[in-house]
Amino acid sequence: MKIGVFGGSFNPPHKMHLDIGVQLTNKQYVDNVVYVPTGSKYKYKNNLLPDKNRLEMLEILTKSQEYLDVNDYELKDEVVYTCETLAYFKELYPNDEIYFICGADNLSYIDKWKNGEEILNNYKIIAMKRKGEDIEELLKKFVDYQNNIIVADVEQQDISSTDIREKLKNNENVLDVLDKDVYEYIRKNKLYE
């Protein structure tokens with residue numbers, strides 16, 4: 001089986017996050033997608049909701065999808081690096097292929113990550129490009145790893161979690177980009193106010 005590991009802050013998780021998982025499984029890039037929210041100890045994100053809330057919102061978002069799962073591996077009291085997460089999934093699913101799902105923006109500096117070369121060498125990477133990104137330049141940069149990089153043909157809306165948080169704060173309508181059950185959870189728990 002092909003397991004796609006989709007990491008992110010998911011603050012909040014929105015319809016495009018769901019749609020990416022659905023498209024990747026429908027188009028058979030992977031058989032399953034596992035959403036792995038970044039732990040709150042991650043130093044580049046200082047406005048994250050508590051781990052529990054982001055995990056529960058992801059569970060709500062994916063609950064009706066058979067091939068989408070959520071895993072709390074990175075929700076620890078210390079920073080967990082992507083290389084550790086991928087190694088964990090490789091151990092968890094020793095007979096399966098592990099794919100790392102990321103945006104082309106993340107791929108552009110993956111070689112600077114902790115054990116970035118190891119990730120590029122040992123895992124398949126599914127890169128999703130956004131409008132206006134030059135993926136060809138990126139592939140030239142990682143020419144030695146081209147066999148491990150798959151550029152996914154996935155339609156994406158330009159949805160920003162930052163914009164969603166701002167709209168929620170201002171009581172603006174977000175149901176075009178947020179699942180209604182996730183929205184209800186946010187309202188009930190008074191998040192992003």
Checklist outcome for this item: Spelling it out for Phe100: with amide H atoms placed in the peptide plane at 1.01 Å from N, the residues 5 or more places away or on another chain with amide H under 5 Å from its amide H are Val5, Lys124, Ile125, Ile126
Next on the checklist: Run the helix sum for the chain: -39,500 (n - 2.57) per DSSP H stretch of 4+ residues, divided by residue count, reported at 222 nm to the nearest 500 deg cm²/dmol.
Outcome noted: -10500 deg cm²/dmol
Next on the checklist: Students often check this: by mean Cβ neighbours within 10 Å, which of 61-70, 118-127, 158-167 ranks highest, and how do the rest follow?
Outcome noted: 118-127, 61-70, 158-167
Checklist outcome for this item: Listed by chain and number, the lysines with an alpha carbon less than 22 angstrom from that of Lys114, same-chain partners under 8 positions apart left out, are Lys41, Lys43, Lys45, Lys76, Lys90, Lys124, Lys140, Lys141
Item to check | Whole-Hz couplings from phi, Karplus 6.51/-1.76/1.60, listed for the stretch 109-125; x for Gly and Pro | outcome: 10, 4, 5, 8, 6, 4, 6, x, 5, 4, 4, 4, 6, 9, 10, 7, 10
Checklist entry - If you take the beta carbon distance between Asn147 and Asp31 as r and set R0 to 22 Å, what does 1/(1 + (r/R0)^6) give as a FRET efficiency, to the nearest 0.05? => result 0.65
Next on the checklist: Let me understand the chain better: what is its radius of gyration from the alpha carbons, and its Dmax, in angstrom?
Outcome noted: 16.4, 49
Next on the checklist: At 7 Å along Cα-to-Cβ for each site, give me the label-to-label distance between Lys190 and Val22 in nm.
Outcome noted: 3.3 nm
Checklist entry - What residue among Gly116, Tyr81, Met57 has its Cα farthest toward the positive end of the dipole of the chain, where the charges are +1 on Lys, Arg and -1 on Asp, Glu, each on the Cβ? => result Met57
Next on the checklist: Using the basic label-point model (7 angstrom from Cα toward the beta carbon), what is the Asn171 to Met1 distance in nanometres?
Outcome noted: 4.6 nm
Next on the checklist: Charges at C-beta only: +1 for Lys and Arg, -1 for Asp and Glu. How large is the resulting dipole of the stretch 1-151 about its Cα centre, in Debye rounded to 20?
Outcome noted: 420 debye
Checklist outcome for this item: Karplus-derived 3J(HN,Hα) from phi for the stretch 66-75 (6.51 cos²θ - 1.76 cosθ + 1.60, θ = phi - 60°), whole Hz, x at Gly and Pro, runs 4, 9, 10, 10, 10, 9, 9, 3, 7, 8
Checklist entry - How far is it, in nm, from the label point at Lys112 to the one at Asp158 when both lie 7 Å from their Cα along the line to the Cβ? => result 2.3 nm
Checklist outcome for this item: Membrane-span-like helices (DSSP H runs, Cα span along own axis at least 20 Å, mean Kyte-Doolittle at least -0.5) in the chain -> none
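A short reminder: the numbers here are calculations on the coordinates, not readings from a lab. What you are looking at is a predicted structure, and each value in this text was computed from that prediction instead of being measured. Every residue, glycine as well, gets a Cβ built from its backbone with ideal geometry; the counts of neighbours run over all protein chains shown.
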